[in-house]
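Student: The structure under discussion is supplied below as C-alpha cells; questions concerning it will follow.
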Amino acid sequence: MTTLPLSAERALRKRHQRRTVSLPVHVRELPPGSTPGSDRRLREEIQHSLNATGYLALRHVTVHVSAGRAQLTGKVSSYYLKQVATTAAFAIRGVTTLRNELHVSVTHGGHTSGQTASETVQSQI
C-alpha cells in the first residue's frame, strides 16, 4: 500500500471539495397573521426560494398556485436546474402538490433542442 505525501493528499481533498455542489435553499417562516393556505403567500414564498438558489435562470420561472397546488412553467437550460427548481419550490411549507412543467432547452453547436418532461410531486403528509 502506498501513501501519498501530506501535500498531495491535501491537494486531492481540495480538488474534490471544489467539485462538490451545495444548493442553498432558504425557507422563510410564516409572517405573523398569515394563513398557511394562502395561495398568494405560497406563490411569493416559492418565488423567493427560487431566487435564493442564486441561479438567474430560476428568476424567470412562472409560478401558479391554487389551493396549495403549485405549478412551475418556463424554460431552463438543464435538467439539473429543473431539479433545483423542484427542490426549492417543494421546500415551502404549505405546498401539497408541485407540478414542474419547466421546458429544458439545450443548445448543441448552435442548434437548440428542447424537451418538456412534466413531473408531479406530492407531499407525503
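A quick yes/no check of all residues on (1) buried (at least 19 other Cβ atoms within 10 Å of the Cβ); (2) not in a loop (DSSP other than H, G, I, E, B):
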residue	(1), (2)
Arg40	no, yes
Ser49	yes, yes
Gly54	no, no
Arg59	no, yes
Val65	yes, yes
Leu72	yes, yes
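Student: Here is a follow-up. Within region 85-105, can you find the residues that are in a loop (DSSP other than H, G, I, E, B), touching a residue at least 60 places away in the same chain (Cβ under 8 Å) and hydrophobic (A, V, I, L, M, F, W, C)?
Tutor: Ala91, Ile92, listed by residue number.
Student: For region 74-86, what are the residues that are exposed (fewer than 15 other Cβ atoms within 10 Å of the Cβ) and within 10 Å of the chain's Cα centre (by Cα)?
Tutor: Tyr80
Student: Hey, can you tell me all the residues within region 48-70 that are in contact (Cβ under 8 Å) with a residue 24 or more places away in the chain and either farther than 15 Å from Ser38 by Cα or within 13 Å of the chain's Cα centre (by Cα) (or both)?
Tutor: Passing the criteria: Ser49, Leu50, Ala52, Thr53, Gly54, Tyr55, Ala57, Leu58, Val61, Val63.
Values quoted throughout were computed directly from the atomic coordinates according to the rules given, and no laboratory measurement underlies them. On a predicted model such as this, the values are computed, not experimentally measured, just so you know. Here the Cβ is made from the backbone with ideal geometry for all residues, glycine too, and neighbour counts use every protein chain on show.
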